[in-house]
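Worksheet for the structure shown next.
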Amino acid sequence: MNKEQELLRKKSPVQIKNKKASFEYFFIETFTAGIVLTGTEIKSIRLGKASLVDTYCTVINGELWVKGMSISPYFYGSYNNHVMKRERKLLLTKREIRQLESATKQTGYTIVPILVFIDDKGRAKMDIALCKGKKDYDKRQTLKEKEDRREMDRAMKGWKK
């Protein structure tokens, strides 16, 4: 990911993150994919009414699908509203999909959504990662590193005063 793409993500008014993913998995490689949505779904995402909790991706018939993503019904949607939890198609190149499919056939690897954001043209995009699951001792190490960083930040704030 280059600096220009990273800057666009930070500028995005909507950033729906999967906070649990970085604790549960090691990220091997990341991709940015488009999402096929209906009209009321994109309106709900622009309002920030989506969740990536317990979400994963799978390859079916050469297409990448996200499962378990929850997008709340749009308040003004009337009878045209969408189903809250349904499978949504992700848009990647065939080469990237084949690469992800071959990697997930190995044991311990999976595809996990990390972030949903709105790009500069108003389209919903999703950052996904090829991940390897962490063991319990890896999770303890992650917690220890997080606690150490927090203590160092506290010490630096106290030192500046």
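Of note:
- With 0.36 nm allotted per residue and the present C-alpha distance subtracted, the residue 29-residue 99 stretch has 24.1 nm of extension available.
- Pairs of lysine residues in segment 68-152 - Cα separation under 23 Å, sequence separation of 8 or more or cross-chain: 17
- Packing around the peptides 149-156, 54-61, taken as the average count of other Cβ atoms within 10 Å per residue, puts them in this order, highest first: 54-61, 149-156.
- Förster radius 25 Å - calculated FRET efficiency between residue 67 and residue 19, Cβ distance, rounded to 0.05: 0.85
- A protection proxy built from the mean count of other Cβ atoms within 10 Å ranks the segments 34-44, 74-84, most packed first, as 34-44, 74-84.
- Annotation: per residue accessible area for the chain equals 68 Å², rounded to a whole number [probe 1.4 Å, protein chains only].
- Screening the chain for whole DSSP H helices with an alpha carbon extent of at least 27 angstrom along the helix axis and a mean Kyte-Doolittle hydropathy of at least 0.5 yields nothing.
- Whether segment 98-161 is rounded, prolate or oblate, judged on the alpha carbon gyration tensor where a/c under 1.5 counts as rounded: oblate
- Over the chain, dividing the summed -39,500 (n - 2.57) contributions of all DSSP H runs of at least 4 residues by the number of residues returns a 222 nm mean residue ellipticity of -11500 deg cm²/dmol.
- Projecting the alpha carbon convex hull of segment 14-65 along each direction and taking the average yields 4.6 nm².
- Our estimate of slack between residue 58 and residue 150, defined as 0.36 nm per intervening residue step minus the Cα-Cα distance, is 29.5 nm.
The values are calculated or read from the model by the stated rules, or taken from the named source; none is laboratory data. Remember, predicted model here, so these are calculated numbers, not experimental data. With ideal geometry, Cβ positions are generated from the backbone for all residues, glycine too; neighbour counts draw on all protein chains shown. When the accessible area is computed, the model is the full protein with side chains, heavy atoms only, and any ligands, DNA or RNA have been set aside. Shrake-Rupley method; radii C 1.70, N 1.55, O 1.52, S 1.80 Å.
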